[in-house]
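Okay, so here's the structure we're looking at.
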Amino acid sequence: MKARKNCACSCLLVSLLLLGGRIAHSRFKIPIDLHNQSTCNITQQMKMADLRRKADLIIWDEAPMMHHRTFEAIDRTLRDLMQLDDAHVIKKIFSGKTVVLGGDFQ
């Protein structure tokens, strides 16, 4: 079985260097104004939702540049998208998907 991955970056320059890389706001439809209960603008019916459901690995470069609410919104969105396939994923961070966060953690 071939592993499916998504590459997301906080910065345009880095996204251009990664094969299939995209800016995180584009890849996950992250809203600009984030609050405590924000979710990404992806619905169950979108093709993009299917791609997120099938992904085994999410690679995120320059992650320290993002606000913590960004990751919380993505977590809520993934849990919502994946609950149709498995009701137990609501209890898992990022719906149990492997998320690799890269960047300069100082």
Report task. List the residues whose amide H sits under 5 Å from the amide H of ILE23, counting only those 5 or more places along or on another chain, with H placed 1.01 Å from N in the peptide plane. Result -> CYS9
Query raised in the report: Ranking LYS92, LYS47, LYS29 by Cβ neighbours within 10 Å, fewest first, what do you get?
Result: LYS47, LYS92, LYS29
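Quote to one decimal, in nm, the extra length available between LYS91 and ASN41 on full extension: 0.36 nm per residue of separation minus the C-alpha distance between them.
15.9 nm
Can you flag which of LYS47/LYS91; LYS47/LYS92; LYS54/LYS97 are past 21 Å Cα-Cα?
LYS47/LYS91; LYS47/LYS92
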Query raised in the report: Sequence-distant or interchain residues sharing an amide H contact under 5 Å with VAL99, placed H: which?
Result: ILE58
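FYI, it's all coordinate maths here, none of it is from the lab. Nothing here was measured: the structure is a model prediction, and the numbers come from that model. Using ideal geometry, Cβ is built from the backbone for each residue, glycine included, and neighbour counts are taken over all protein chains shown.
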